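These notes concern the structure reproduced below.
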Amino acid sequence: MPFETLIIDFGDVLFDWVPPKDTAIPPKLLRAILNSTTWFDFERGKLTQEDCYTRVASLFQVAVEDIYTTFQQARESLTPNDGFFHLVQSWKQASSGRLRVYALSNISTPDYAYLLALDAQWSIFDEVFVSCEIGERKPHLGIFKHVIERTGSNPATTVFVDDKLDNVLSARSLGCRGVQFTSRIEAFRELKTLFHDPIHRGYTFLLENAGRLESVTDTGEVIPEIFAQLLILEATGQKHLVKTDILQPEQDLTYRFFQGTAQLTSQDFPSDLDTTSLALTILDDINDDERIRVMTKMLDYVNADGIIQTYFDIERPRFDPVVCVNTASLFYRYGRESEVQGTLDFIYNVLLHRAYLHGTRYYTTPECFLFFMSRLLDQGTNPPLYERFASLLAVRIKERVGLPGDPLALAMRLLAGCRFGITNTQDLESLLAVQLDDGSWAPGWVYRYGSSGIQIGNAGLSTAFALKAIRKMRKPTDFMADRKAGLPVSLAVGCIDCWCCVVFVGGCSRVSSSPYLLINRHTDNRVGTIR
């Protein structure tokens with residue numbers, strides 16, 4: 001449900017101020033005065049300024065003149081947080097009148113009068129609520145209830161912003177979404193996620209950087225590579241986002257990880273079964289004879305344990321569980337899973353004994369293994385294979401819910417969980433909270449060099465996976481709202497259950513001439529058409 005109401009505090013949120021210096025009242029004493037019951041009554045409108053200052057002077061044994069001087073300096077230091085005002089104004093304009101904005105502040109009558117005289121964008125507010133007029137102050141629940149009742153707001157669609165945790169907690173206790181304003185950067189990021197659709201922002205980032213979604217290492221080098229491009233293409237179904245011209249095989253129809261010259265490794269870097277398997281399951285311009293020929297060639301690279309290797313090079317006898325999963329996915333998709341039984345046995349034992357928890361030789365996180373395992377089960381319709389892996393995989397995915405992770409790991413966890421209808425709002429909120437100002441998600445470390453351990457990530461990949469995960473976690477009815485907003489429905493690529501895969505014709509090969517199709521992702525049977 002979209003948020004329709006925003007309630008914002010004044011002090012240290014919409015207005016900044018500086019505690020007075022070089023006065024007879026030091027900062028510690030000033031804080032004590034502001035937290036006294038006398039000051040609270042002043043903010044409730046129960047005391048005049050003269051009465052308040054006189055009582056405070058007596059209570060804290062300071063001169064009345066010093067009280068006047070200190071608080072006059074504090075008033076004069078007030079400046080509007082113009083960035084926040086402009087941000088709220090942009091949200092309100094973009095909402096076409098749906099977003100209502102209110103102010104709620106603990107403030108005395110004279111201080112409020114001074115504030116109103118400042119040059120600020122007061123027009124953003126539908127109404128201003130202040131403690132001196134209501135006769136109650138935050139964090140007491142009464143003032144929150146007053147605002148909710150007066151405005152007719154629904155707490156479930158209301159966001160409250162305040163710098164004090166006690167005030168935020170009270171709002172949360174009534175069902176509002178509370179945002180504590182302790183860091184301008186973090187608060188703005190969270191609020192942008194709440195009021196500026198993360199999918200629209202993320203897809204805008206992908207569009208603006210189409211063809212330039214390159215991978216980077218954790219040491220700062222740009223790594224032109226094919227693997228991430230393939231995954232972005234699969235996640236979005238949008239060919240124009242990636243460098244399709246580089247998605248070409250070698251002369252023997254295999255694929256290399258790197259685009260062109262290998263980086264940070266030997267120059268004679270061979271083709272690998274991992275990238276090749278991904279390409280053969282994603283790209284739609286490869287004929288069946290070529291696929292069959294390459295798959296048969298892959299079987300020449302199986303070790304004595306029956307486990308398929310990583311490289312098309314007998315001088316590099318390496319194997320990796322995730323590479324095994326991706327290769328098995330290719331064989332499963334084309335009904336040849338019986339030919340990689342030893343590899344499937346190995347994968348099962350890795351899953352059973354949680355051997356993936358610290359990553360693998362080439363993949364950095366447990367989520368990489370679990371995500372690609374869920375992808376494997378989407379490739380075919382063999383009931384025995386599905387039954388062997390599905391229940392155990394679902395258990396292993398549930399074990400990861402709520403654990404720390406980078407953006408890509410969170411997105412992979414959500415996507416793998418959606419395969420089994422796992423409710424995971426905790427990781428969804430964590431993912432939404434780390435969307436960057438430009439709409440992207442930071443590169444998550446997906447793979448690494450086996451020898452040096454240098455990690456590789458891709459902001460485009462993190463963003464594409466995050467968008468797909470968010471869409472899968474949304475209700476099916478939300479897809480049509482996204483379509484009306486001009487977003488590509490292909491980013492949905494499914495929802496929590498297996499009967500509502502929404503595919504955009506321009507980005508997927510599994511469609512007919514109908515503009516939009518609902519298909520069963522296990523059988524490709526059409527369920528219906530969206531017009």
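The values are calculated or read from the model by the stated rules, or taken from the named source; none is laboratory data. Keep in mind that this is a model prediction, so the values were computed, not measured. Here the Cβ positions follow ideal geometry from the backbone for every residue, glycine too, while neighbour counts run over all protein chains shown. Note: accessible area is taken over every heavy atom of the protein model, side chains too, but ligands, DNA and RNA are not part of it. Shrake-Rupley method; radii C 1.70, N 1.55, O 1.52, S 1.80 Å.
Okay, here's what the table says:
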{"quantity": "Members of the stretch 285-298 found to be open to solvent by less than 80 Å² (accessible area, probe 1.4 Å) and farther than 13 Å from Asp272 by Cα, listed by number", "calculated": "Ile286, Asn287, Glu290, Arg291, Thr296"}
{"quantity": "Residues of the stretch 431-448 classified as over 20 Å from Ser215 (Cβ atoms) and open to solvent by 50 Å² or more (accessible area, probe 1.4 Å), total", "calculated": "1"}
{"quantity": "Filter result for Glu133 (in a helix (DSSP H, G or I) and under 24 Å from Leu431 (Cα atoms))", "calculated": "no"}
{"quantity": "Residue, surrounded by the fewest Cβ atoms within 10 Å (Cβ to Cβ), within the stretch 299-324, restricted to residues that are assigned to a loop (DSSP other than H, G, I, E, B) and within 37 Å of the chain's Cα centre (by Cα)", "calculated": "Arg318"}
{"quantity": "Which listed residue, of Thr182, Thr244, is under 23 Å from Asn35 (Cα atoms) and at pLDDT below 95", "calculated": "Thr182"}
{"quantity": "Number of positions in the stretch 293-308 that are touching a residue at least 40 places away in the same chain (Cβ under 8 Å) and either of a type outside the set (Lys, Arg) or touching a Leu at 6+ places or on another chain (Cβ under 8 Å) (or both)", "calculated": "7"}
{"quantity": "Pairs with Cβ under 7 Å, 6+ apart, first in the stretch 344-368 and more than 23 Å from Leu385 (Cα to Cα) and open to solvent by less than 50 Å² (accessible area, probe 1.4 Å), second modelled with pLDDT under 95 and part of a loop (DSSP other than H, G, I, E, B)", "calculated": "Tyr362/Gly450"}
{"quantity": "Members of the stretch 203-254 found to be open to solvent by less than 60 Å² (accessible area, probe 1.4 Å), more than 20 Å from Leu436 (Cβ to Cβ), not β-branched (Val, Ile, Thr) and not in a loop (DSSP other than H, G, I, E, B), listed by number", "calculated": "Glu225, Phe227, Gln229, Leu230, Leu233, Glu234"}
{"quantity": "Helices (runs of 4 or more DSSP H) enclosed by the stretch 7-71 - at least 2 residues per element that are among the aliphatic types (A, V, I, L, M)", "calculated": "27-34, 49-60"}
{"quantity": "Residue within the stretch 379-401 that is at pLDDT below 95, farther than 30 Å from Gln341 by Cα and among the polar types (S, T, N, Q) present", "calculated": "no"}
{"quantity": "Residue tally, condition buried (at least 17 other Cβ atoms within 10 Å of the Cβ), within 17 Å of Phe85 (Cα to Cα) and without any contact (Cβ under 8 Å) to a residue 24 or more places away in the chain, over the stretch 97-156", "calculated": "0"}
{"quantity": "Among (1) part of a helix (DSSP H, G or I); (2) over 14 Å from the mean Cα position of the chain (by Cα), the one test that Thr423 misses", "calculated": "(1)"}
{"quantity": "Residue match in the stretch 272-283 (condition: within 22 Å of Glu221 (Cβ to Cβ), part of a loop (DSSP other than H, G, I, E, B) and not aliphatic (A, V, I, L, M))", "calculated": "no"}
{"quantity": "Long-range neighbours under 6 Å by Cβ, at least six apart or interchain, first residue closer than 14 Å to Gly460 by Cβ and at pLDDT 85 or above within the stretch 190-212, second open to solvent by 30 Å² or more (accessible area, probe 1.4 Å) and assigned to a loop (DSSP other than H, G, I, E, B)", "calculated": "Phe205/Asp438; Gly211/Lys243"}
{"quantity": "From the options Arg483, Arg474, residue that is open to solvent by 30 Å² or more (accessible area, probe 1.4 Å), at pLDDT below 95 and in contact with a Cys (Cβ under 8 Å, 6 or more places away or on another chain)", "calculated": "Arg474"}
{"quantity": "Residue in the stretch 25-37 that is among the aliphatic types (A, V, I, L, M), surrounded by 18 or more Cβ atoms within 10 Å (Cβ to Cβ) and within 20 Å of Gly135 (Cβ to Cβ) present", "calculated": "no"}
